[in-house]
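Working notes, beginning with the structure itself.
FYI, it's all coordinate maths here, none of it is from the lab. The model shown is predicted, which means the values in this text are computed figures rather than measured ones. Cβ coordinates were reconstructed from backbone atoms using ideal geometry, including for glycine residues, and neighbour counts include every protein chain displayed.
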Amino acid sequence: MNDAGIFYANLLSYRTAFDTSITLIMAQHAILNMRNFKLTIEYDGTDFCGWQIQKKGERTVQSELKQTCEGIFKHDIVIIGSGRTDSGVHAKGQVAHFHADTRMKSFEIQKALNSCLPKDVAVLAVKEVPENFHAQYSVKEKTYRYVVLNATQRSVFGREYSYFYPYPLDLSKVRKAAKVLVGQHDFKAFQAYDPLRADKNTVRTIKKLNVKKEGDFIFIDIAANGFLYKMARNIAGTLLSVGSAQIPMEAVLKILKSKERSKASATAPSHGLCLLNVKY
């Protein structure tokens, strides 16, 4: 190869290396522009097949958020929630996070999301958070509320947000039974069976379990460091069985110690349950 050939070969080599460097710099810049956003969300779970995206394409809250975010930011978005909620379960304070390459401010993102999301989902707050924030793994406590309409006649209004239970309830027994469940225990007896969602570690800590009555409504509030599959609804169903004298109050401790789901009462319907808040 003559001198001219060597010159142009070297020039091509330098150009290729330069282009590669520029590509790497641009890629790093793109990564640096990815910002982490925390969403606080409320939704009416009536027409959703739960929170998590389904393989069959059913309508879920996560899929609605993903589709809406991708329409706004024009790139693939991964929505990560604090945890799943089942079909029909509502939320007033679900939390999720996602990364986006955007210069938009948090309030602009909230406005854009709410203008595009369906009427049964709303974003209550958007906050930029540190890179290490994770909506699921950073959770310290969740609070669920189970709502019971304890009246002799059903109500048309609010029927999607409360469980109509027309039987007399002894709330003093319900509250005493609830106290047995407070603290760190193995809640395997209150975990619904599902091989895809079963937790091997079934120990959880219930920090609060309050039962209060307002008019015809009874609110069962459960705050814990985590929940097993259908745990909140299985606890609610068992407490209602105690209150209506279907099982004795003393049976709750035996159920807890048995670690057998068959010993506890039937699962309370999903539409009475609402995720109130998530703490970090």
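Points worth noting:
- Each residue in the range 129-156 was checked for being part of a loop (DSSP other than H, G, I, E, B) and either within 21 Å of residue 68 (Cα to Cα) or not hydroxyl-bearing (Ser, Thr, Tyr) (or both), and 15 pass.
- Selected residue [closer than 25 Å to residue 50 by Cα, out of contact with any Leu (no Cβ under 6 Å at 6 or more places or on another chain) and free of Cβ contacts under 8 Å to residues at least 40 places away in the same chain] from 223, 266: 266
- Leading residue by the ranking (nearest to the chain's Cα centre (by Cα)) among those in the range 157-192 that are in a loop (DSSP other than H, G, I, E, B) and surrounded by fewer than 16 Cβ atoms within 10 Å (Cβ to Cβ): 160
- Search result, residues across the range 104-128 that are buried (at least 16 other Cβ atoms within 10 Å of the Cβ) and assigned to a loop (DSSP other than H, G, I, E, B): 104, 117, 120
- Among the residues of the range 39-64, those identified as more than 13 Å from the chain's Cα centre (by Cα) and not in a loop (DSSP other than H, G, I, E, B) are 46, 47, 63, 64.
- Residue that is farthest from residue 96 (Cα to Cα), among those in the range 134-144 that are crowded, with 20+ Cβ neighbours inside 10 Å and of a type outside the set (Ser, Thr, Tyr): 142
- Residue pairs meeting the criteria (Cβ under 7 Å; at least 6 apart or on separate chains; first free of Cβ contacts under 8 Å to residues at least 24 places away in the same chain and farther than 18 Å from residue 204 by Cα, in the range 236-257; second outside any helix (DSSP H, G or I) and not aromatic (Phe, Trp, Tyr)): 247/265
- When the criteria are applied in full, residue 237 meets the requirement of being among the small types (Gly, Ala, Ser) and touching a Ser or Thr at 6+ places or on another chain (Cβ under 7 Å).
- Looking across the range 44-74, the residues that are closer than 25 Å to residue 104 by Cβ and surrounded by fewer than 13 Cβ atoms within 10 Å (Cβ to Cβ) come down to 71, 74.
- Single residue of 203, 182, 211, 174 found to be among the hydrophobic types (A, V, I, L, M, F, W, C) and either more than 18 Å from residue 145 (Cα to Cα) or out of contact with any strand residue (DSSP E or B) (no Cβ under 9 Å at 6 or more places or on another chain) (or both): 203
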